[in-house]
Ligand SMILES: Nc1ncnc2c1ncn2[C@@H]1O[C@H](COP(=O)(O)OP(=O)(O)O)[C@@H](O)[C@H]1O
Ligand SMILES: [Mg+2]
């Protein structure tokens, strides 16, 4: 289980996170919803180690992550799919997948067959450059690359952003399959409410750097929850 306990995060004098606490249990899909600019990516930067905390703590399966470098967090099983995908455009699909080897033990440096079962398009495009793929294909590649690191928790930042509906469905199915078949924890950050309501076991809503709502996915249909999500 990932436990984020009462964290603050600052960019210089500007505070982006205020006393944020969430948990993401193993074998569950946990979703953090919120409008643009409320601090979702900042929360994931705190979890993956790309930005330091000014208060609070983050633990994963009893390991204290505070102060640990991103590379070591990856070794501890934190797999990250960044917003905007960050696929290497000039590397091939295969090379992009292999870029996930860094935190992995030598014996595990191969591409798990499951990745191609989830996203068959990646197998047929192994020799193509990342930059030649569509947005949806790049998103599948970014998820595949994170899976190469053998994560115990998969953290995804707006995987549906700018992606066509048929591929959104494929990604949703893949996320459910991963939860059910591997028991990994999934932490999904989104603006797309319907996607979260369908997938999530538990949801949080963020507004202006704070958690303002928490509950089972069905609670997203309450007026109180909607109020935090409408512009
Ligand atoms: N590197 C940065 N430096 C300064 N301010 C930032 C930086 N990144 C994000 N912010 C600010 O922090 C707030 C939260 O941003 P972010 O976490 O990216 O929100 P979200 O992912 O929900 O859109 C916003 O006001 C944003 O402008
Ligand atoms: Mg963001």
Within the stretch 2-227, percent of DSSP bridges classed antiparallel, to nearest 5: 55
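Calculate, for residue 221 and residue 69, the FRET efficiency according to 1/(1 + (r/R0)^6) with r their C-beta to C-beta distance and R0 35 Å; round to the nearest 0.05.
0.30
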At q = 0.11, 0.13, 0.17 Å⁻¹, work out log10 I(q)/I(0) for the stretch 2-227 with the Debye formula, treating every Cα as an identical point scatterer and leaving solvent out; two decimals please. -0.52, -0.74, -1.26
Please give the helix 135-148 orientation as an angle from the longest Cα principal axis of the chain, in degrees from 0 to 90, rounded to the nearest 10. 90
Of 100, 67, 27, the one that fluctuates the most in a GNM where the chain has Cα springs shorter than 10 Å: 67
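Report the calculated FRET efficiency for residue 121 and residue 194 (r = Cβ-Cβ distance, R0 = 25 Å), to the nearest 0.05. Numbers along the way, then the final one.
Values: r = 24 Å, r/R0 = 0.95.
Result of the calculation: an efficiency of 0.55.
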Computed over the stretch 131-231, the convex hull of the Cα set has an average projected area, in nm², of 7.4
Proxy exposure order for 119, 80 (fewest C-beta within 10 Å first) is 119, 80
Estimated inter-spin distance, residue 176 and residue 94, nm [label 7 Å along Cα→Cβ]: 3.4
With -39,500 (n - 2.57) per DSSP H segment of 4 or more residues and division by the full residue count of the chain, the 222 nm estimate, nearest 500 deg cm²/dmol, is -9000 deg cm²/dmol
Shape call for the stretch 34-117 from the C-alpha gyration tensor, a ≥ b ≥ c root eigenvalues: rounded (a/c under 1.5), prolate (a/b greater than b/c) or oblate? oblate
What residue among 184, 125, 26 shows peak mean-square fluctuation when the chain is described by a Gaussian network model with Cα springs under 10 Å? 125
Taking only Cα atoms and a 10 Å spring cutoff, compute GNM fluctuations for the chain and point out the largest among 101, 204, 177. 177
Once you have the Cα-Cα distance between residue 208 and residue 132, take 0.36 nm times their residue separation minus that, and quote the gain in nm to one decimal. 23.7 nm
For the chain, take the longest principal axis of its alpha carbons; what is the angle in degrees between that and the long axis of helix 165-182, to the nearest 10 within 0 to 90? 90
Go through 70-79, 210-219, 28-37 and give me the packing order, highest mean Cβ count within 10 Å leading. 28-37, 70-79, 210-219
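Quick note: the coordinates plus some simple rules give every number you see, no bench work behind them. The model shown is predicted, which means the values in this text are computed figures rather than measured ones. Neighbour counts run over all protein chains shown; Cβ positions are idealised from the backbone, glycine included.
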